[in-house]
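Read-outs throughout are calculated quantities, based only on the coordinates presented, and are distinct from any laboratory measurement. Computed from a prediction, not measured in an experiment: that's the story for all the values here. Here the Cβ positions follow ideal geometry from the backbone for every residue, glycine too, while neighbour counts run over all protein chains shown.
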Amino acid sequence: MTTKLFGERVQRREDLRLITGQGRYVDDLGNGALAAAFVRSPHAHARIRDIDVSAALDVDGLVAIYTWEDLPERVRDPLPLLIPHPALTHGRTAYPLAREIVRHVGEPVVMVVARDRYLAEDAAALIEVDYEFLKPVVGIEEAAQGAHLVHQDVPGNAGAHLVQEVPSPQGLGAGEAIDAAPHVLSFRLDFERSASMPLEGRGVYARWDADDRSLRVFSSTQTSTSVRMAIASKLGLPLPSVEVIAPDVGGGFGVKIVHPWPEEVLVPWAAMLLGQEVKWIEDRREHFISSAHERGQVQHVRVGFDDQGHVLGLDVTILHDHGAYTPYGIIVPIITATQLLGPYRIGAYRVEFTSIYTNTVQVTPYRGAGRPQGVFCMERTMDRIAAHLGLDRTEVRAANFIQPDQFPYDQGLIFQDGRPLIYDSGDYPESLRMIKELIGWDGFAALKAEAEARGRRLGIGIGCYVEGTGVGPYEGGHVQVTSDGRVHVSTGLTSQGQGHETVFAQIAATELGVPLDKVSVVTGDTRRFGYAVGTFASRAAVMSGNAIALACRKVRDKALRIAADALEADPRDLEIEDGVVHVVGNPGASIPLGTVAVLSNPLRYAFDEETKRATQFSGVASMDRPPVDEGEEPGLEGRDYFSPVRSTFASGMHAAIVETDPDTAEIRILRYAVVHDCGRLINPMIVEGQIHGGVAQGVGGALYERMVYDGHGQLLNASFMDFLMPYATEVPYIETAHLETPSPLNPLGIKGAGEAGVIPVSAVIASAIEDAEGITIDRMPISPSDLHELRALAAS
Amino acid sequence: MGEALHEITLTVNGVLREAKVPGRRLLSDCLRRELGLTGTHVGCEHGVCGCCTVLLDGAPVRSCLTFAVSVDGHEITTVEGLSGPDGSLSPVQRAFSECHALQCGFCTPGFLCSATALLRDNPSPTDDEVVEGISGNLGRCTGYQNIVKAVHRAAELMGDEA
């Protein structure tokens, strides 16, 4: 019996420092560093005529002012287009500081460095930028008409156009299949912008060591390895001279996967140039207008189906608003287009999207990353089919499910990783059975009627999704056992609250047979692990979890080989329990893992009592073999990588009961239920926490959050006063049940859990409001005023 | 044209602390920068998110909406001061960990301070009172469910210890 921790509700190892105020977020570091602040464009679209800094020069504590003209080669170049795609024919990225044209409110124009942030902002406020106004392009459909352009060399404001088609089993195209279907519906859906909105904004702190010409950068990022490569490239430094560390990060939810941000290039550059530490911490308004948003889409749907609700053909045309620039390519609309199909096996499918420039903040993935829009589309479609046919909404869904014996199931599309969209495993009928039972679907009609008799209006809704998780290309893990018996695990991807220090330690402790408190985990520190992709797409547990497990297995094998030598036993007769290697059935014949670590490193010099065992006159070494055997390396450590052939596919179903107020149109969620399948659970407590947080963000997106731009491209609600994120008063109690269909694609059988909670919420709430009101819901979010207007419209 | 500095004396987490600050220095910045207590976080700088909540003479306040000079002579408790002098965790701190009431931890110090004040005034709150008591704090990770659970758990722990 080895130490079994995988699957247990282990308390988090991160918590102690975080509940005692000892966390290390980027702004907690570098107290004496110079502070940067930015002059940002107040206009959505303008030409910079002149920048006059003279009034700022007298500010006490001012150190430097930089405009684009001041930047050297490479630093001054446009930021990289991170994910090129053949369909992104007109990809455009921003300059780190605006060059001639600004294309959204909030675009950085001037960088100021001063003794502290107050003074830097004093100086920034005194810098005069003279702008010539250009016509702002706002609104997806207005932009798509192309009357005015965001980039003069991008006709129609169309950055990308992509069509994917899957013919029906009979070889019909979607159009033909729809035309031939007994029933056809067509409609339009609207999805507003929201944003990741972590409580900690972005932040960068750079230390340049002029003596050894090395740079250490701390960034609140979801990918420290890639920030490191970008900085080395931009600043022309050798990669080994640059280290990037993601310290404690106060939430990411997608926005911090984008990199390098202008500030991630400029702050280290200024630190090098000035020979002093420089730090920039984003304030909330900056986060609203200078980072990234997501979600905004208009969808046009045509669907053909038979009398039982089988979808015979589906044609979806999407207009996607990607804002002013495309640093993250077209990942979001690709995910919408491909994950739209959810758990369903439909006839023919055709999806087309056009990704449009507007003079607004750029759009990059926010938790869910295009899936909430796709699921909204598919689930609204299912509800419309059910309404048209007079069938129960769950029956229509069940009629279209991929069955458990049909896995692996190929949807015939190309996914966001450039690989085929093939579902690995799942059990959708069981998931539906569970969610119906959990929410009380079959008994709801009676509940609703009873409420109605008392003047209350209730509705029930459901939403199903499939989420491609754990995308490649790879992650790695390094595991080292030291002579004190401690296990040091590192992986390159980063953490923003997911509990990686705990779950990766659970995996390592289980694999190595050591107590949990002997294991420590470091993530997102390039000094410890230089190769990584990053934390996004619900991939950390799948990718790094498996990489760490594989690295542990290497270490375990090596430990058993060395221990077998020392114990004169067969490695196959050994096991590791509680950090001690012993012969099965003979606990007396044992050696602690720490001692194995000592023996793994043949020494000339002893530095303590324990290490004397490994020195050259200790008598343990065989005289017939070299001290380090061929093919071996000194040290009890191992490194391995996990690179899957394709994504895993988690899935789930949510249901909710809402009440709408007949007078005020207030919408209250009375119950919210989740059935979730992310394969094998490493730590159910942490998975549930991820679900809760996701659902809360989903509730925000369904009922409250929208980025309100006016026709001039001004974001009118760029503060927490005006952008309504849910408080504890707005989030319902979430009832959760787990289904575990292991993934066959990785050794641990896990899928991802990070984004799941948020994905179907808008669809579920729309479904429930529609059920309560009998009014078609075709947009999200729905505020009481929206509902009031829809009621008035329906009544007229 | 350097700014005029004001000498202030605060009792922070039971310790008398002195600082020289410009009149416009926010209490949050003074705590973090002048006094090195970085446990108090700043999430919005306009008094909405509650990350910067500290206890001023026992009452929760937004330290980002408070000038440091305006609390000269007062008592402040920050997250660093919630544990006992021997480092033992307070019931609220223990309950937050036990109930998985934090993820990224950035909003947590504010919640801990709010919950501490809530339970001191109302040792056995109802569900509605807990939700009301933490409704001045924004979080983006937890969905609040486990925070509500943790506040109840902390009440239980405090009851056991009383």
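Note on chain A: with charges restricted to the Cβ of Lys and Arg (+1) and Asp and Glu (-1), its dipole about the Cα centre is near 540 debye. Starting from the Cα of residue A:115, step 7 Å along the direction of its Cβ; do the same at residue A:704; then give the gap between the two resulting points in nm. Those two pseudo-labels are separated by 4.1 nm. Please list, in order along segment A:770-778, the HN-Hα scalar couplings obtained from phi with the Karplus expression 6.51 cos²θ - 1.76 cosθ + 1.60 (θ = phi - 60°), rounded to whole Hz, x for Gly and Pro. Going residue by residue, I get 4, 5, 5, 9, x, 10, 5, 9, 10 Hz, with x marking Gly and Pro.
Across the options B:101, A:325, B:37, the greatest Cα extent toward the positive end of the charge dipole of the protein assembly as shown (unit charges at beta carbon of Lys, Arg, Asp, Glu) belongs to A:325. Here segment A:353-394 is scanned for amide nitrogen atoms under 17 Å from the site 7 Å beyond the Cα of residue A:184 along Cα-to-Cβ, giving A:385.
Based on C-alpha pairs under 8 angstrom that are at least 6 apart in sequence, chain A has a relative contact order of 16 percent. Computed on chain B, with alpha-carbon pairs under 8 angstrom and 6+ residues apart, the relative contact order is 23 percent. Pairs of C-alpha atoms in segment A:29-169 farther apart than 23 Å represent 48 percent of all such pairs. Here the peptides A:208-220, B:101-113 are ranked by packing, the mean other Cβ count within 10 Å, and the order with the highest first is B:101-113, A:208-220. Ordered by the count of other Cβ atoms within 10 Å of each Cβ, fewest first, A:709, A:465 give A:709, A:465.
Treating r as the C-beta distance of residue A:233 and residue A:643 and R0 as 30 Å, the FRET efficiency rounds to 0.80. The count of lysine pairs in the protein assembly as shown whose Cα atoms are under 27 Å apart, excluding pairs fewer than 8 places apart on the same chain, comes to 19. Building the convex hull from the alpha-carbon atoms of segment A:473-642 and averaging its projection over directions returns 10.5 nm².
With each pseudo-label sitting 7 Å past Cα toward Cβ, what's the residue A:454-residue A:606 distance in nm, one decimal? For the pair residue A:454/residue A:606, the computed spacing is 8.0 nm. Stretching residue A:142 away from residue A:125 to a fully extended chain increases their span by 2.7 nm, per 0.36 nm per residue minus the current alpha-carbon distance. Using the alpha carbons alone, the radius of gyration of the protein assembly as shown stands to its Kirkwood radius in an Rg to Rh ratio of 0.98. DSSP beta bridges fully contained in segment A:473-642 are about 75 percent antiparallel. The relative contact order of segment B:5-81 comes to 39 percent, based on Cα pairs under 8 Å that sit 6 or more residues apart. Estimated from helical segments only, the mean residue ellipticity of chain B at 222 nm is -8500 deg cm²/dmol, where each DSSP H run of four or more residues counts as -39500 (n - 2.57).
A simple spin-label model places pseudo-atoms 7 Å from Cα toward Cβ; at residue B:126 and residue B:161 they are separated by 2.7 nm. Averaged over the residues of peptide A:244-257, the number of Cβ atoms from other protein chains lying within 10 Å of each residue's Cβ is 2. Helical content alone sets the calculated 222 nm signal of chain A at -8000 deg cm²/dmol, taking -39,500 (n - 2.57) per DSSP H segment of four or more residues and averaging over every residue. Per residue of peptide A:686-698, the mean number of Cβ atoms on other chains within 10 Å of the residue Cβ is 4.
Sorting the segments A:269-282, A:241-254 by their mean number of nearby beta carbons within 10 angstrom, highest to lowest, gives A:241-254, A:269-282.
Full extension of the segment from residue A:55 to residue A:153, taken as 0.36 nm per residue of separation minus the current Cα-Cα distance, would add 31.7 nm.
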